Amino acid sequence: MPKHASIAIAAALGMAAALTSSALAEDPKELRIAGVLSAGKEAPWEKSLIDSFNRVIEAKPHGLDISIDYTENVYDNAEQVFRTYAETGDYDIIFGDTAYADAIEKVMADYPETMFVMSGSGNRGLGANAYWIFIHAHEPAYAMGALAGKLTQSNIIGVVSTFPAEDTNDQINAFIAGAKEANPAVKAKLTFIQSWFDPQKSNEATTAQIAAGADQIYQMSGAFEVCQQKKVGCYGNYIDMSPIAPDAIVASAVAKWDPHVNWVIDQWWNAKTTGAPFDAPKEPKWFGWKDGGGDLVINPAMAGKIPAEARGAAEETAEAIKSGAREVPLDLSQPKSE
């Protein structure tokens, strides 16, 4: 090979190596997130998100050092909060925990380099730099229903919920379906308290359902005082609620946002490392139980009191769903009391 050719090849290889090194050097090392919470950090929906963020931060996807700052109790002034965070230029992702599509739509075009994220029902696909994630906890709710169906002695189960919405209807329908499969004699009582959080209304509805014969109640509105007093089996959602009422809560259908958060971070990483613009899908992204998007947690204080047949039915159902062998239909229709 001529000497000048060798020199040219060596120079080309050196330039390629330099370019590769430069590209690697430009990969992000940090990710800064702002979390916009509609309620406080201890509210079950919010806490499920925060717990997932904490696990993802510890895992360091893409080797990133991730930090997150939260603003709590934001709803009516959401647009201003999103805009204020974006205006600082300090945050790569601004994450909203509820129906913030209206607020994000007014802000997103002004900050195309910022990723905006909304979660749950009440939103709509906006595309571009606005991403929409959704969680359906219907699969663990179905397995939990199987447990309730086996435990009920009155054959009447109850559900006390907040509002009818896609991410409440899915759980209610699945809980009732799971209970009926385990025990075809089951009848279901349902009350929507028409509030995201109102312990008085929740306790009143629970009292009425117990008076109507319900002895296993899915307490989606988060108040367990009556369950404790009346010694009926109650069930939590979004987080493990057993510490709140250890003598009443049998189990909880837990929401895990870990795969959703990782997906969001992957979308951000791909855009930042390729130079491509954000290109959010118009449909919400969600992950099921087999992908790590949920769990069923039985109260350890109750575990020894649950008959083997009831626990076995729940565990068998849970394993079939998690393995993909069993599919739980996603029923978003508004449930009704029987």
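Every number in this text was worked out from the coordinates using simple rules, so none of it is lab data. Just so it is clear, the model here is predicted, and its values are computed rather than measured. Using ideal geometry, Cβ is built from the backbone for each residue, glycine included, and neighbour counts are taken over all protein chains shown.
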### Lys pairs under 15 Å by Cα in region 243-338, provided they are eight or more residues apart or on distinct chains
4
### Query
Quick one: net charge of residue 306's neighbours, Cβ under 13 Å, K/R +1, D/E -1?
+1
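Under a Cβ-Cβ cut-off of 14 Å, what is the net charge of the residues other than residue 227 that fall near it, where Lys and Arg count +1 and Asp and Glu count -1?
-2
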### Summary
Rounded to the nearest 10 degrees, the helix 258-274 long axis (Cα) sits at an angle to the longest Cα principal axis of the chain of 10
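Helix-only mean residue ellipticity at 222 nm, the chain, DSSP H runs n ≥ 4 weighted -39,500 (n - 2.57), per residue, nearest 500. What is it?
After summing the helix terms and dividing by residue count, I get -13500 deg cm²/dmol.
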### Relative contact order of the chain, pairs being alpha-carbon contacts under 8 Å that are 6 or more residues apart, as %
19
#### Entry: Spatially proximal aspartates and glutamates relative to residue 29 (Cα-Cα < 15 Å; intrachain offsets below 8 disregarded)
58, 65, 90, 92, 266
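Tell me, what is the percent relative contact order of region 197-246, built from C-alpha pairs under 8 Å that lie six or more residues apart?
Numbers: 46 pairs, mean separation 17.7, N = 50.
Averaging sequence separation for qualifying contacts and normalising by length gives 35 percent for region 197-246.
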### Query
If Lys and Arg each add +1 and Asp and Glu each add -1, what is the summed charge of the other residues whose beta carbon sits under 13 Å from the beta carbon of residue 28?
-3
### Message
I need the shape label for region 51-100. Rule: rounded when a/c is under 1.5, else prolate if a/b > b/c, else oblate, with a, b, c from the alpha carbon gyration tensor.
### Response
oblate
### Query
Which aspartates and glutamates, on any chain, are close to residue 231 with Cα under 12 Å apart, when same-chain ones fewer than 8 places away are left out?
215, 247
### Query
Which of these values of Rg and Dmax of the Cα atoms in Å was calculated from the structure shown: (1) 20.5, 61; (2) 23.0, 75; (3) 24.0, 96?
(3)
### Query
Going by a ≥ b ≥ c, the root eigenvalues of the Cα gyration tensor, does region 175-318 fall in the rounded group (a/c under 1.5), the prolate group (a/b larger than b/c) or the oblate group?
prolate
### Summary
Honestly region 156-240 on the Cα gyration tensor test (a ≥ b ≥ c root eigenvalues; a/c under 1.5 rounded, otherwise a/b vs b/c for prolate or oblate) is just oblate
